[in-house]
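Report on one structure; see the data block that follows.
Laboratory data are not the source of any read-out in this text; all were calculated from the coordinates shown. Since this is a predicted model, take the numbers as computed values, not measurements. For neighbour counting, all protein chains shown are included, and Cβ atoms are generated from backbone atoms with ideal geometry for every residue, glycine included.
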Amino acid sequence: MSRNYWITESELDVQEVVTIVTRRSAGAINTFIGTVREWTGDKKTLYLEYEAYRPMAEKKLAEIGQEIERRWPDAETAIVHRIGHLEISDIAVIIAVSTPHRADSFEASRYAIERIKEIVPIWKKEHWENGEQWIGNQKETVEGAPTEEEFK
């Protein structure tokens, strides 16, 4: 596990992630906190299950951090994503980005969540009142459970 980028089954602590990026040169710390919502369209969600290929997911989170550092050289980033069983309102992901100025912090944080959805191998199983379904990627454009091949 990287000091700044990790996957965990434990509850997430916002202050822990913010502390990682806190530094004297930062005038802004932006946090993004992704939570489990109750309604997806007209479907009432009971709970979610997340699975990840942890070594690759953590590598991809760190890659996003490196992309942010190249684009915003003064940025410090930390990202943690939870896997396992999550109830409504549980925190699924925390992104913290510190920069000398607020605009860069906002932009880098938005960049991070969009890249997570694009490249990090995390799958979500939604459990509704009337059924369940694996969402095959974070952008919710592919259905299906992760395959054994994806975990290699």
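In percent, how large is the relative contact order of the stretch 1-82, given Cα pairs closer than 8 Å and 6 or more residues apart?
Values: 64 pairs, mean separation 45.4, N = 82.
Computed value for the stretch 1-82: 55 percent relative contact order.
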Completion exercise
So the number of lysine pairs in the chain with alpha-carbon atoms under 22 angstrom apart, 8 or more residues apart or on different chains, is 24
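Quick one: net charge of Asn30's neighbours, Cβ under 12 Å, K/R +1, D/E -1?
-1
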Fill in the blank from the handout: Quick calc, the chain, dipole around Cα centre from Cβ unit charges on Lys, Arg (+) and Asp, Glu (-), nearest 20 debye, gives 580 debye
Fill in the blank from the handout: Taking a ≥ b ≥ c as the square roots of the Cα gyration tensor eigenvalues, with a/c under 1.5 meaning rounded and otherwise prolate when a/b beats b/c or oblate if not, the stretch 58-110 comes out oblate
Problem - Sum of side-chain charges, Glu11 neighbourhood, beta-carbon under 13 Å (Lys, Arg +1; Asp, Glu -1) - result: -4
Practice task
Quickly work out the Glu118-to-Glu67 label distance, labels modelled 7 Å from Cα along the C-beta direction, and quote it in nm with one decimal.
Solution key: 0.4 nm
Exercise for the section: Give the calculated FRET efficiency between Arg23 and Ile88 to the nearest 0.05, with a Förster radius of 25 Å applied to their Cβ-Cβ distance. Expected result: 0.15
Practice task
Using only Cα atoms, locate the centre of the stretch 80-121 and the centre of the stretch 8-73, then give the distance between them in Å, rounded to an integer.
Solution key: 3 Å
Handout entry: Net charge over other residues, Cβ less than 10 angstrom from the Cβ of Glu76 (K, R count +1; D, E count -1)
Key = -1
